[in-house]
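Chemist: Dropping a structure here in C-alpha cells format, bear with me for questions.
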Amino acid sequence: MIKLLFDWANLITSLGLILGTSSIILSINSHFILAMLTMLVAVCCDVFDGMVARKFREKKSNFQDKLGVQLDSLADLIHSGVAPGVFVYTILDSNDLFTLSLVLYIVFCCFLRLAYFNCVGLNDKGFFYGLPVFYSPMILSITFLINISLNSNIFFYIFSLIVPTLMVITSLRVKKLTQGLAFYLFTVVLLSLVTIYGFMMF
C-alpha cells in the first residue's frame with residue numbers, strides 16, 4: 001500500500017496532510033504564528049499537487065489516480081477544515097457553547113463541501129459550486145493579521161460565520177484557477193502570506 005504513495009502528486013498531498021496535522025498540534029500548544037504558517041504551506045501543497053498530477057498523468061496508474069483524489073479530500077479536510085477550526089477555538093480560548101458550535105460549523109461545512117465536490121465536481125464551465133475549502137486558511141491568515149493589528153477577536157467570529165457558509169452555498173460560482181492572470185495573482189497572494197508569517201517567526 002505504501003508504494004502507491006511513491007507518486008509526486010500523492011507525496012505532495014501527503015505532505016499537506018502532515019502539515020495540516022502539525023498545524024493542529026501547534027495551535028493546541030498556542031504556537032499560533034507557526035500553526036498558521038504550516039496551514040498556509042499545506043494550502044500550497046494542495047494547489048500544486050493538482051498541477052503535478054496533471055503533468056505526470058500519463059505515467060500514473062488508474063488506481064494511483066483514484067487514490068490521489070481520496071488523499072486530496074482527506075488532506076483538505078485536515079488542513080482547511082479541522083486545522084482552521086482548532087485554530088479559532090484555541091485562540092478564542094473560550095469553552096462556551098457558542099464558540100464550540102462555531103468550530104463544529106467550520107469543520108462540518110468543509111466536510112460537506114468536499115463530499116459535494118467529490119460527487120458533483122466542477123460545472124461545465126469549469127466553476128466550483130461554493131467557495132473552495134483551500135480559501136479558508138488564506139482568509140483566516142488575513143483575519144489573524146487584522147486581529148494582531150486591532151486586538152479584537154470579533155473578526156474570528158465573523159470568519160467563522162461567513163466563510164463556512166460560503167463553502168456550502170451552491171449558487172456561488174468560483175472559477176477554478178489553473179492558469180492566466182487570476183492564477184498568478186492568487187499564487188502571489190498565497191506566497192506573500194507564507195512569506196509574511198515566515199518573517200513573523202523571527
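The values are calculated or read from the model by the stated rules, or taken from the named source; none is laboratory data. These figures come from a predicted structure and were not determined experimentally. Here Cβ is always computed from backbone atoms with ideal geometry, including for glycine, and neighbour counts include all displayed protein chains. Surface accessibility is based on the protein's heavy atoms, side chains included, excluding ligands, DNA and RNA. Shrake-Rupley method; radii C 1.70, N 1.55, O 1.52, S 1.80 Å.
Chemist: Sort Tyr89, Tyr197 by heavy-atom solvent-accessible area, probe 1.4 angstrom, most to least.
Modeler: Solvent-accessible surface, decreasing: Tyr89, Tyr197.
Chemist: Evaluate the stretch 124-187: find the radius of gyration of its Cα atoms, find its Kirkwood radius, and give the ratio Rg to Rh.
Modeler: Using Cα coordinates only, the ratio equals 1.05.
Chemist: Another question, if that's okay. With a cap of 10 neighbouring Cβ atoms within 10 Å, and only residues DSSP puts in a loop, list the trypsin sites (Lys or Arg not before Pro) found in the stretch 86-183.
Modeler: Passing sites in the stretch 86-183 are Lys125.
Chemist: Another question, then. What pairs from Lys125/Lys175; Lys55/Lys125; Lys125/Lys176 go past 19 Å between their alpha carbons?
Modeler: Too far apart for the 19 Å limit: Lys55/Lys125.
Chemist: Given a 1.4 Å probe and the protein chains all in place, what does the accessible area of Val188 round to, in Å² to the nearest 10?
Modeler: Answer for Val188: close to 90 Å² accessible.
Chemist: Carbon-plus-sulfur fraction of the accessible area of the stretch 86-157, 1.4 Å probe, in percent? Each step should come with its number before you reach the end.
Modeler: Numbers: 2480 of 3680 Å².
Summing carbon and sulfur atoms, their accessible area is 67 percent of the total for the stretch 86-157.
Chemist: Additional query: With no solvent and one point per C-alpha, what does the Debye sum give as log10 I(q)/I(0) for the stretch 54-162 at q = 0.15, 0.17, 0.23 Å⁻¹?
Modeler: Calculated log10 I(q)/I(0) at the listed q: -0.71, -0.85, -1.24.
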